[in-house]
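Working notes, beginning with the structure itself.
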Amino acid sequence: MDTGPADGRLIAVIESIYDAASDPLRWPQALKAIADQFGDAGALLMWRRADNSYATIVSPDLVEAQRDYEANGWMMRDTGALRATERGYFFSGHPYATRHLCSEQEIDTDSFFVQFRIRHGLGPFAGVAVSPDAEIGVLLSLQGKVGRRDYSDAELDLLSRIGQHVEKSLRLTIRLIDAELAKFGLGDALARLGIGVFVLDSLGRVVFCNPAGQALLGGDLQIARDRLRIRTGASGAAIDDMIALAARDDHRHVVADPKPILVSSGTTSRLVVYLLPISPQASPAQMLFSDARTMVLAIQQKLDEPADPAVIRDVLGLTLGEARVAALVGAGLPPRDAANRLGIAEDTARNVLKRVFQKVGISRQSELVGLLARLVLR
């Protein structure tokens with residue numbers, strides 16, 4: 001089936017997102033590609049950790065605005081961000097636009113819009129929260145041009161789809177940045193990571209495996225005849241199919257929602273496996289892998305730790321906000337403690353937990369613990 005121009009542009013956007021996975025310096029250009037898809041002035045990523053520290057990456061055209069935003073106290077006067085926080089959008093993962101947060105009168109009179117946004121040529125905005133790590137929340141935000149109409153529901157749906165790929169790619173990028181490994185050559189950087197990294201060529205053969213990946217081999221995860229294999233039946237077939245798709249030069253399959261593969265890893269830990277397609281037009285940092293077509297990330301987590309909210313979301317069909325509460329309560333935390341960890345009210349956490357129970361057909365916290373153990377943790 002031929003790909004239309006719109007689909008072709010979207011594929012290029014998603015490929016740029018995955019090209020940035022192992023080369024953090026490429027994220028500004030990936031954000032520009034996302035913004036261009038919507039005809040916008042720019043896009044940004046902001047991630048906040050459990051200790052409330054944060055970092056931001058912006059597309060090239062937003063550099064001056066971001067410098068003004070941070071240096072002149074606009075962060076504390078950002079009506080949109082404050083409202084989005086109050087109304088739970090950073091927690092829930094639902095996409096939002098200006099119209100969900102501010103009235104037309106506020107847009108015409110509020111100092112943040114009149115003195116900051118208009119001065120930098122910025123109009124409406126949109127955002128969606130993603131979850132690349134159990135301890136890190138990330139906001140992907142579009143910044144429209146002055147005069148642009150507010151974002152439609154269809155545009156917000158597309159932003160959510162793109163956000164899923166950003167989430168997946170950031171799993172590697174954030175670890176590289178946090179460990180200050182971007183200054184190393186890619187081979188050294190990946191060797192130092194605490195997650196398993198396998199690089200595959202166009203035939204699905206393993207051409208690189210870092211030490212953390214080597215340490216995961218021998219159980220359900222194996223390299224047999226130069227190919228990565230999972231011995232568990234359903235998981236094994238799933239990774240074979242995904243590798244075959246990712247190895248093709250035609251990357252139309254990457255437009256689909258990315259899903260992790262869950263692999264049992266004994267009685268004390270589990271593996272969550274993600275596949276990242278690599279563009280044949282490799283960046284300089286990726287030239288080490290000139291024949292590479294796929295990067296496989298294998299992330300090990302102890303069974304006594306809270307499960308990854310993104311995994312729970314994908315497996316149980318919950319929203320991101322519901323999955324965040326379920327991960328903590330399913331690990332044994334009382335709702336009050338879970339609310340404190342997430343920075344939300346206890347009543348909010350309890351109401352979210354009720355929705356989780358209704359969706360998955362249970363009625364007690366002990367049942368949620370057992371459900372996650374069966375479906376997500378093992």
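Brief remarks follow.
- Computed extension length for residue 359-residue 374: 3.7 nm, one decimal, from 0.36 nm per residue of separation with the Cα-Cα distance subtracted.
- Projected label points at residue 56 and residue 109, each 7 Å from Cα along the beta carbon direction, are separated by 2.7 nanometres.
- Summed over the residues of the stretch 310-369 and divided among them, the accessible surface reaches 46 Å² per residue at a probe radius of 1.4 Å.
- Extension gain, residue 118 back to residue 86 (0.36 nm per residue minus Cα-Cα distance, nm): 9.1 nm
- With the simple model of a label 7 Å out from the Cα in the direction of the Cβ, residue 223 to residue 244 spans 2.3 nm.
- Solvent exposure of the stretch 1-153 as accessible area per residue, Å², 1.4 Å probe: 47
- In loop segments of the stretch 73-137 as defined by DSSP, the trypsin sites (Lys or Arg not before Pro) with at most 15 further C-beta atoms inside 10 Å of their C-beta are 87.
- Multiplying the residue separation of residue 192 and residue 207 by 0.36 nm and removing their Cα-Cα distance gives an extension gain of 3.7 nm.
- Summarising the label geometry, the points placed 7 Å from Cα in the beta-carbon direction at residue 157 and residue 77 lie 3.9 nm from one another.
The values are calculated or read from the model by the stated rules, or taken from the named source; none is laboratory data. Being a predicted model, the structure only gives us computed values, none of them experimental. No Cβ is skipped: glycine too gets one built from the backbone with ideal geometry, and neighbour counts run over all protein chains shown. All accessible areas refer to the heavy atoms of the entire protein, side chains included, with ligands and DNA or RNA removed. Shrake-Rupley method; radii C 1.70, N 1.55, O 1.52, S 1.80 Å.
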